[in-house]
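A quick write-up on the structure given underneath.
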Amino acid sequence: MELIKLRMGKIKHKIAIISGKGGVGKSLVTVNLATGLAKNGRDGRVAIFDADLTGPCVPKMMGIKSEKLVAGPPGIFPAVGDEGVKVVSMALLLPSVESPVIWRGPLKMGAIRQFLGEVAWGPLDFLLVDLPPGTGDESLSVLQLLPEMDGVVIVTIPSEVSQEVVKKAVTFARKMNVPIFGIVENMSSLVCPHCGETINVFGEGGGEKIAQDMGMEFLGSIPIDPKISADSDEGTPFIIRHPDSPASKAFGEIIEKIEEKVKLS
């Protein structure tokens, strides 16, 4: 714990990105928020800890394909992606993309301790922790080991199923006494490229409704853009390649709210 405190003491702000269920684009949101924070004058001072040990995907989204984590005298060195964003992920330790991580709780807890305490994160303005879906071992371990977490951002989509499940994530964060910055609604709507009509593929207003029902701030909604998925597959954060798109502007507004919240925390 002392080594973790020493490492984390050099990081100004720590934010967890969580979701109640998989498939809502939480990692995609994490990657673009981190890249946007770095673009705002923080090159080399933003990092992502991909805490989804069994399903890590942040390195691929950041274009980090062949790098592996390397250890040196100060500790384990993170890989580096666009805008100098540092990345630490189990994916950077596995022999191949097909290699599974078949671990029970104690092994996961040990790995998270090692990542937090033995990685040479260096001085950072922001560490974003991309937690796995749900409220399992990894999420519990991270929030227990980092009691000084500034807050959590909860990612959902407009569907009713997601609204029901996200309440569990909210309750989890509150039971862990972690401030909730607010809810981000991903995949909010799609503008038809042919007629310009807005299509609510997964429903409408679900994220905003759950925020109101549970007394939280609604940070914003990110529209569907087919290029977001394509850019993630190619390893380029969407906001770098399409900075003027509606989705990138939505990310920018959410980032501004997060920056304002950490000033008050």
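The values are calculated or read from the model by the stated rules, or taken from the named source; none is laboratory data. None of these values were measured; they are calculated from a predicted model. Cβ coordinates were reconstructed from backbone atoms using ideal geometry, including for glycine residues, and neighbour counts include every protein chain displayed.
Out of everything in region 35-64 that is among the small types (G, A, S) and under 19 Å from S19 (Cα atoms), what residue ends up being modelled with the highest pLDDT? Residue satisfying both the conditions and the ranking: A51.
Close Cβ contacts (under 8 Å, 6 or more residues apart or on different chains) running from residues in region 118-130 that are of a type in the set (G, A, S) to residues that are part of a loop (DSSP other than H, G, I, E, B) and crowded, with 23+ Cβ neighbours inside 10 Å comprise A120/P78. Checked against (1) touching a residue at least 60 places away in the same chain (Cβ under 8 Å); (2) under 18 Å from the mean Cα position of the chain (by Cα); (3) more than 19 Å from L124 (Cβ to Cβ), K65 meets all criteria but (2). Taking region 185-215 as the range and being modelled with pLDDT of 75 or more, of a type in the set (A, V, I, L, M, F, W, C) and buried (at least 18 other Cβ atoms within 10 Å of the Cβ) as the test, the residues that pass are M187, I210, A211. Would a scan of region 106-125 turn up a residue that is within 23 Å of V262 (Cα to Cα), touching a strand residue (DSSP E or B) at 6+ places or on another chain (Cβ under 8 Å), exposed (fewer than 14 other Cβ atoms within 10 Å of the Cβ) and not small (G, A, S)? Within region 106-125, one or more residues are within 23 Å of V262 (Cα to Cα), touching a strand residue (DSSP E or B) at 6+ places or on another chain (Cβ under 8 Å), exposed (fewer than 14 other Cβ atoms within 10 Å of the Cβ) and not small (G, A, S). Tally up the residues in region 216-265 that are among the small types (G, A, S) and surrounded by fewer than 19 Cβ atoms within 10 Å (Cβ to Cβ), please. Counting residues in region 216-265 that are among the small types (G, A, S) and surrounded by fewer than 19 Cβ atoms within 10 Å (Cβ to Cβ) gives 6. Only one entry in V101, V178 is free of Cβ contacts under 8 Å to residues at least 60 places away in the same chain, within 24 Å of V24 (Cβ to Cβ), in a loop (DSSP other than H, G, I, E, B) and not polar (S, T, N, Q), namely V101.
Are any of the residues in region 63-71 closer than 17 Å to I240 by Cβ and touching a strand residue (DSSP E or B) at 6+ places or on another chain (Cβ under 9 Å)? First the steps, then the outcome.
Filtering region 63-71 for residues closer than 17 Å to I240 by Cβ gives 63-65.
This time we only want the ones that are touching a strand residue (DSSP E or B) at 6+ places or on another chain (Cβ under 9 Å), so: 64.
Yes, region 63-71 contains at least one residue that is closer than 17 Å to I240 by Cβ and touching a strand residue (DSSP E or B) at 6+ places or on another chain (Cβ under 9 Å).
Note on region 24-52: residues that are in a loop (DSSP other than H, G, I, E, B), touching a helix residue (DSSP H, G or I) at 6+ places or on another chain (Cβ under 9 Å) and more than 13 Å from L116 (Cα to Cα) amount to 8.
Kindly provide the set of residues from region 209-231 that are part of a helix (DSSP H, G or I), in contact with a strand residue (DSSP E or B) (Cβ under 9 Å, 6 or more places away or on another chain), of a type in the set (A, V, I, L, M, F, W, C) and under 19 Å from K249 (Cα atoms), ordered by number. Within region 209-231, just I228 meets the criteria.
Determine whether A250 is aliphatic (A, V, I, L, M), modelled with pLDDT under 95 and in a helix (DSSP H, G or I). Spell out the reasoning first.
Details: aliphatic (A, V, I, L, M): yes; modelled with pLDDT under 95: no; in a helix (DSSP H, G or I): yes.
Taking the combined requirement at face value, the residue does not satisfy it.
The test for being at pLDDT below 95, in a loop (DSSP other than H, G, I, E, B), among the acidic types (D, E) and more than 20 Å from I228 (Cα to Cα) holds for E148.
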